[in-house]
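Remarks on the structure that follows.
Every number here is computed from the coordinates shown, using simple stated rules; none is lab data. Every value quoted in this text rests on a predicted model; they were computed, and no experiment measured them. Methodologically, a virtual Cβ is constructed for each residue, glycine included, from the backbone with ideal geometry; neighbour enumeration extends over all protein chains shown.
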Amino acid sequence: MKTVEEFIAALDPGQREQVVELRRVILALPVELDEHIKWNSPSYVHDGIDRITMNVRNKAGAVQLILHFDTARPEVRNAPPVMADETGLVRWLSDIRGVITVPPGTAVSALEPGLSSALEGWLRIR
């Protein structure tokens, strides 16, 4: 895949709708983000570091947003996360990597207020 548009066009209709809506939410955040394809998925760069990457290739068929610091920071799996998540949407995998999962058939609009809040909070972390 060369562009995000080509990536989206290749998805099945259910995932395509969720990815389009997640992309809209991400690009509407009040921070400057660059969008590109990395790790074979749309990824969003803030201050020169990939911080949010979509994952559509998982066993559950869900669309996931991976919150991370690219490979710029060491990761400690059992340490507390760097951010409190008041929304309850983020499942922390380590101190610096979390996942927001949108199950198949779930409308992104139903998650949008919490999703926007969690993503904006994540991007404030340095």
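Details
- Trypsin sites (Lys or Arg not before Pro) restricted to DSSP loop in the stretch 1-35 with at most 15 other C-beta within 10 Å: K2
- The C-alpha atoms of the chain define a longest principal axis, and helix 108-124 lies at about 40 degrees to it.
- The chain: calculated mean residue ellipticity at 222 nm from DSSP helix runs of at least 4, using -39500 (n - 2.57): -9500 deg cm²/dmol
- Taking the stretch 1-33 and a reference point 7 angstrom along Cα→Cβ of A60, the backbone N atoms nearer than 19 Å belong to 12, 14-23.
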